Every structure is written in structure tokens, then in C-alpha cells.
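Input: a single structure, listed below in C-alpha cells.
Here, each number is a calculation from the coordinates, and none is a lab measurement. Computed from a predicted model, the values in this text were never measured in an experiment. All Cβ positions, glycine included, derive from the backbone under ideal geometry; neighbour counts span all protein chains shown.
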Amino acid sequence: MNSSSRSRRLIVIITILLLTNIAILAFFLWPKSGESKSPGGPKPGYGMAETLKREVGLDSQQVKELNRLREEHWKKMKPLFEDLQNTKNDFYLLLKSPETPDSIINNAASKIGEKQKLIDIQVFQHFRNSRLVCTPAQTPKYDSIVQILIKRMSGSQRGQSNRKRDGENKK
């Protein structure tokens, strides 16, 4: 495999990782429509707990536990996202030197992949821990909603709805 093919492949992988990160950040940080923006109103991102309360039938104690888990989760996630962003910044600084060997580019891309892996494992663990808050009767609905959330975070649901909409327009 020649170096330009390998470089293209790395750029595609890094682009996918970058888009995934942006989707995750947008999902959790973007204000939802109808959310209160006043200081005394609900905090951004707490809509998931309310959705689970309504759709899964969680009681107020379960919602409190989910909110506690969410706080712990974000305390862990913030430094991981910052570290990933710094690693990506370092990676793209390699563009300044066109003579950068492929081995250094590959090593830098691998670092990005490892940091993304840590983020994905942390998100997986968070959803696994959140699932434990549910009763056995609530877990099937929770599992269904979490799958929708994961598709939204990865951006795959948006792609499906765009394809459906494009297909409807062609009819």
C-alpha cells in the first residue's frame, strides 16, 4: 500500500472520529427547543432524565439517581473530550510540515483512536450504570430509548431521516 493511499485512509478515519465527537457534543450541549434558559430553570441536558421518566415510567428517586450518575459521567467526560481535542490539534499541526513521515502520522492517528475508544467505553459504562436504575419491567423500554439516543449521538438517525425525506421528494 502506498503512502498516499494510507494517508487518505487515515484522513477518512480521523474525519469520521471528528464528526462523531461533534455529534456527541452537539447532542449533549446544544440547547433543546422549549428548554428554559433562565438561571432558575432546568439545566441543559436534563431532558433525557425527564424523557426517561415519562417514557419508561421512572419515579422521582430514579430520576434523582440518573441525574447523579449524569453529573459523575460528565466530570469524567470533560477531561477526556479536552484531551481528545488537544490530541487532534497536535495531529493537524503536522500539516505544517509536509515532510512528516507516515510513521509519525500513523502514530498520531492511533493516539486519536485510543482517546476516542476511552470516550466510547465511558459512554457505554454510563448507559450500563444508568440501566441499573431501572426495574426489570422498565429495562426493555429503557433499552429501546437508549438505542435511539445512541443513533442520534452517532448521527446515523439523521442520515436515515434525510434519506427517507429525499426518497419521499422523488415520488
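So how do 69, 58 line up by other beta-carbon neighbours within 10 Å, fewest first? Display every interim value, and only then the final one.
Values: 69 17, 58 23.
By the 10 Å Cβ count, ascending, the order reads 69, 58.
What number comes out for the charge environment of residue 129, summing +1 per Lys or Arg and -1 per Asp or Glu over other residues with Cβ under 12 Å away? Walk me through the intermediate numbers first.
Values: positive: 68, 70, 76, 128, 131; negative: 65, 72.
Net local charge, residue 129 excluded: +3.
What is the order of 72, 65, 99, fewest Cβ neighbours within 10 Å to most? Let's see the in-between values first.
Working: 72 12, 65 17, 99 4.
Exposure proxy ranking, most exposed first: 99, 72, 65.
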